[in-house]
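Every read-out reported here was derived from the displayed coordinates using simple, explicitly stated rules and does not represent laboratory data. No experiment lies behind these values; they were computed from the predicted model shown. Here the Cβ positions follow ideal geometry from the backbone for every residue, glycine too, while neighbour counts run over all protein chains shown.
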Amino acid sequence: MVELIVSVAPLALAASTPLLLAVLGELVLQRSGVINLGIEGMMLVAALTAVVTAHHTNSAAIGFAGGIAGAAAVALLFGVFAIALRADQIVTGTAINLLALGATGFAYRELLRRSTELQSLPKAGALPMQLLAWLAIPALVAVALWNTPFGLRVRACGESPAAVGATRASVAWHRAGALALETVLGGLAGAYLALVLSSGFAENMTAGRGFIALSIVIFGRWKVKGALLGTAIFGFAAASQYALQASNSGVPYHLLLALPYVVTLLVLAGVAGRVKAPESLGRQDL
């Protein structure tokens, strides 16, 4: 068992890095009382814009910036409807996912038709992003949420928006600030997925990672330590299925592919009903 953990650890770290970035971004946003089911679409658009930007500039760093820009476009659409217009957050996020899936697929096919060299991308270093995602960003998120006035107000927006409004602080602006933080992290997640983990774009390449991120936020009880633990569990489950495939264990291929998702469901089922979400999560009232 120990040998298996040691052997799959590097792959688990690589596979779970974009997921952790998405989890941390969604954690911040949900703490403000907003749930974004569209984070899957945000990552997908970021992956495509990162690939296009990196291809045309021949720079992985600028490619990551392009990924954040793509995520920002999706976040702006979500913010207008869910925060400014107070539309239903679940419906808005679902619509964004469907739009992003169709739009990225169409755009990618059109780009391939015009350029056969789109997959020729500059190399991006995996280790710096992994250290950033697993060490620096969680620490910064924890400090920002629990040790700054902004973080206090963001958490208050998720628990009692009326109390925040009574201090003459803007609930909408604080939620927009939380969405901006998710935009940066979601953009980095999508860009990492395309430029580091996959070295290119593929249709629906996020493969449900946005929904897994939502479940990990719940499992982690909206805390950074829980987010790290939940992401590590999923990462090891994902890496283990690759190791089992390589070992010719005789288990059907499709069952192995389902392993990380089954593990996630079992973990989530174990904490369901025993977690307390932010009081105003998903509500439109300010």
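Quick notes on this one:
- Packing-based ranking of 168-177, 46-55 yields 46-55, 168-177, ordered from highest to lowest mean Cβ neighbour count within 10 Å.
- Look at the dipole of the chain built from charges on Cβ: of Leu266, Ile137, Gly63, the Cα furthest out on the positive end belongs to Ile137.
- Theoretical gain in end-to-end length, Trp173 to Ala87 [0.36 nm per residue, Cα-Cα removed]: 29.3 nm
- 10 °C / 1.306 mPa s Stokes-Einstein diffusion coefficient of the chain, Kirkwood radius on C-alpha pairs, µm²/s: 82 µm²/s
- Here each label is just a point 7 Å from Cα along the line to Cβ, and for Lys123 and Leu76 those points are 3.6 nm apart.
- Modelled FRET efficiency - R0 35 Å, Lys225 with Arg114, Cβ distances, 0.05 increments: 0.15
- The chain: DSSP helices with Cα axial extent of at least 24 Å and average Kyte-Doolittle hydropathy no lower than -1.0: 2-31, 39-57, 60-79, 89-114, 171-192, 224-246, 253-271
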